[in-house]
Structures are given as C-alpha cells and as structure tokens.
C-alpha cells in the first residue's frame, strides 16, 4: 500500500489517495471535476476479509500445527518459507505479529521482517513491546538494548518524562527492525491486588496517574514513527483471573467504569491513539450476560465508539486465549466479534477457516459487506 504515482507535475502521490488530477480541457478550457476512487472497490471479498486477520507467522505455515505455546517455542519459526508465501497469496493477511520465539538476533529479525513485509498486501508488522517483562526484543540479550523495568516502577521513579523517553527508545528500535505497531501501552488501572495478569505492567492504581502515563507513552512512540495501541479495553485491572486461561469478570457497572477504568483509555484516545485492543473480560453489570467484551456490541459500539468517540481500529486480544476458546469455536467467535464491531481479529489459529466462514456469512447476508468495508478502510488508513 506504500506505492506512489508520479503526476504530470512530477510530484509523487500515494496510491492510497487514488485521486485523479484536475486537468484543463484542451478545446473548451473547462475544468474536469476530480474523481475519487475508493481502493476498497478494487478488492475482492476474500482480500477484504483476510485483511481483518493479523496472525502469528506460524498460521501461514501449512506444515506446522501446535497445541500449546511450548510447541511454538520448540518450533522457533524465524524465517519465511515458500509454502507460507503460497498460503498468504490465497489468504492475504492484514498484519503479522512476532513473539520472542520468532526472534533470534538483529540480522535474523531484520531479514524476517523484510520478507514478511514483501508478502501480498504488505501486512503491517506488530509486536508486544511494553517494557518490563513483556519485551520480546529488549529481553533478548543478543540485542544489547536497555531495560526499562516495569511500567509501574518507571512511572513512580521518572514520571511522565521518563515514560515518554522510554517509549521513544522502544519506538526507535522497533522502527529500525521493521515494525509498524507496538501493542502498548497498557492502559489498565491496577486496582485489584489479586490480579495475576496485569499487576506492574500497569502504570498505576490511580486512574488519573495512569492516564497521564498513557499519554506520555503514546507521545514517545509517535515521535519515533511507531503506532501505539492502548489495551485492554474496557480495563483488565480489576479482575482476579487471567483471560489467557479462561473466564474473567469485572463486576463494575458503567458508572464505576467511567470513574476508573475508562479514564486512561479516554486519555489515550484524546492523545491520538489509532488502535485500541479489547479485553476478553465479561461485564455482566453492563451487558447483562457473561459474554466477553471482545464479542459485545454494547461494549464496543455502545461505549467505545458512541460514548467515547473512538473512530480508529479496534483489535481483539489474541483469539486463541482460553477466555474465548473454552466458550466458543474459533469460527463462532470470529463471526460474533465482527458483528460486535471489531476491525482486526488477532492470533486466530486457523484463520483460513475463519476467513471462509466470514466470507460465507457476508454472501448469505448474515453480515453486511459494508461492515467489512468499514473495517478495511480503517486498516488501510494505518498504512
């Protein structure tokens, strides 16, 4: 999507704009009105649906299957294979996320990201590089990068300036190694002492302090030319269970969420965040059911879109996590998520089956194609 067109005046314009120049008519001298062509109109339904899937590179490998994360680590996929190119040619994903086991050293990583970017559709390249214990690159000694410590300790010791500078450093090396998006900062407010998944990954147990740090972190990434993604909406800080393994719930009603959990997310949106990641937590006091927020129109459309005014990309937390897979099939969950309003389905294990199912749902009239088109336009705007 980064291709350029040279105009009659020698200027370069992005193809994404798809704007036909205003030109003078030789005989009449009249000006022809400019025509704007929507790039989505030239895409097939398969291409559009596939763009909504951002996957592990292993999902492109038809020769590899896995049951647990241990299998992924043991496999250690670190390069693009010809068979993976063939899969992507048929189902061209919109993004690829790398994990620690995909990363060996600087030379390997740069070669890997260069090859992934050259795949059909020029997928966006993503990573979880928060700092602290979640730092896929910095925690690899082969890179010799500085360690930030936990976000909680960084915020307490160095404040917003320190957080911004640390994020700028992270953004610079992510950009150097070919990444477009960092799934950070964590915008959760760490209010539950029994929380086993967020803890010191959050900046603070106080919503206003967390909000200040979220803004600072996003500013640092933006300065380095990397897009940040605030997570995990609508707030994972007041749960005691881990959605990686199963059901997790917050008992707060919407009024209490507005006073605490939603504060840092609103700050991130105000600071220009273009991506928000959902949490798989349930909010029965808001939705009236145990449905995960990722699959809830009330949470995503009602709160995030309508109340908070977010018009960027909504990306799910990994759809292979237990909070989803222990309640839904992969295909069922993906269809529900699209209906709820998500734009990007992250880490769907068998994404090709899910693409086929969503495509079939569109053709059957169960999902309007305009719903797909809206997501694709938001994704294209990131490129």
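The values are calculated or read from the model by the stated rules, or taken from the named source; none is laboratory data. These numbers come from a predicted model, not from an experiment. Please note: Cβ atoms are built from the backbone with ideal geometry, for glycine as well, and neighbour counts cover all protein chains shown.
Annotations
- When the range 201-213 is filtered for residues that are over 23 Å from residue 292 (Cβ atoms) and either free of Cβ contacts under 8 Å to residues at least 60 places away in the same chain or not in a helix (DSSP H, G or I) (or both), the ones remaining, listed by number, are 203, 204, 205, 206, 208, 209, 211, 212.
- Residue list for the range 14-46, restricted to those being part of a loop (DSSP other than H, G, I, E, B), at pLDDT 50 or above, out of contact with any strand residue (DSSP E or B) (no Cβ under 9 Å at 6 or more places or on another chain) and exposed (fewer than 15 other Cβ atoms within 10 Å of the Cβ): 33, 38, 44
- Meets criteria (touching a strand residue (DSSP E or B) at 6+ places or on another chain (Cβ under 9 Å), free of Cβ contacts under 8 Å to residues at least 40 places away in the same chain, in the same structural domain as residue 121 (by TED's automatic domain parsing) and more than 22 Å from residue 90 (Cα to Cα)) for residue 305: yes
- Residue that is nearest to the chain's Cα centre (by Cα), among those in the range 130-160 that are part of a helix (DSSP H, G or I) and farther than 28 Å from residue 191 by Cα: 143
- The residues in the range 357-368 that are in contact (Cβ under 8 Å) with a residue 12 or more places away in the chain and farther than 15 Å from residue 337 by Cα can be counted, and the count is 1.
- Some residue of the range 184-195 being in contact (Cβ under 8 Å) with a residue 60 or more places away in the chain, crowded, with 24+ Cβ neighbours inside 10 Å and in a helix (DSSP H, G or I): no
- Among the residues here, residue 226 qualifies as within 16 Å of the chain's Cα centre (by Cα), assigned by TED's automatic domain parsing to the domain that holds residue 313 and under 19 Å from residue 161 (Cα atoms).
- Criterion violated by residue 278 - all others in (1) surrounded by 21 or more Cβ atoms within 10 Å (Cβ to Cβ); (2) touching a residue at least 60 places away in the same chain (Cβ under 8 Å); (3) closer than 17 Å to residue 236 by Cβ; (4) out of contact with any strand residue (DSSP E or B) (no Cβ under 7 Å at 6 or more places or on another chain) satisfied: (4)
- Unmet requirement for residue 322, which otherwise passes all of (1) crowded, with 16+ Cβ neighbours inside 10 Å; (2) modelled with pLDDT of 95 or more: (2)
- Among the residues making up the range 102-129, those that are buried (at least 19 other Cβ atoms within 10 Å of the Cβ) and in a helix (DSSP H, G or I) are 102, 109, 112, 113, 116.
- Out of 363, 295, 336, sole residue that is more than 20 Å from residue 186 (Cα to Cα) and surrounded by fewer than 18 Cβ atoms within 10 Å (Cβ to Cβ): 363
- Answer from 93, 49, 87 - the residue that is at pLDDT 95 or above, crowded, with 22+ Cβ neighbours inside 10 Å and not in a loop (DSSP other than H, G, I, E, B): 49
- Residue in the range 136-156 that is touching a strand residue (DSSP E or B) at 6+ places or on another chain (Cβ under 6 Å), assigned by TED's automatic domain parsing to the domain that holds residue 95 and modelled with pLDDT under 95 present: yes
- Taken together, the residues in the range 67-84 that are under 19 Å from residue 352 (Cβ atoms) and either within 22 Å of the chain's Cα centre (by Cα) or in contact (Cβ under 8 Å) with a residue 60 or more places away in the chain (or both) amount to 4.
- Among the residues making up the range 258-267, those that are assigned to a helix (DSSP H, G or I), over 15 Å from residue 305 (Cβ atoms) and in contact (Cβ under 8 Å) with a residue 40 or more places away in the chain are 259, 263, 264, 267.
- Enumeration of residues in the range 219-233 that are in contact with a helix residue (DSSP H, G or I) (Cβ under 6 Å, 6 or more places away or on another chain), buried (at least 22 other Cβ atoms within 10 Å of the Cβ) and not in a strand (DSSP E or B): 220, 221, 226
- Contacts under 9 angstrom Cβ, first residue in the range 123-144 being under 19 Å from residue 383 (Cα atoms), partner modelled with pLDDT under 95 and surrounded by fewer than 20 Cβ atoms within 10 Å (Cβ to Cβ), 6 or more apart: 124/383
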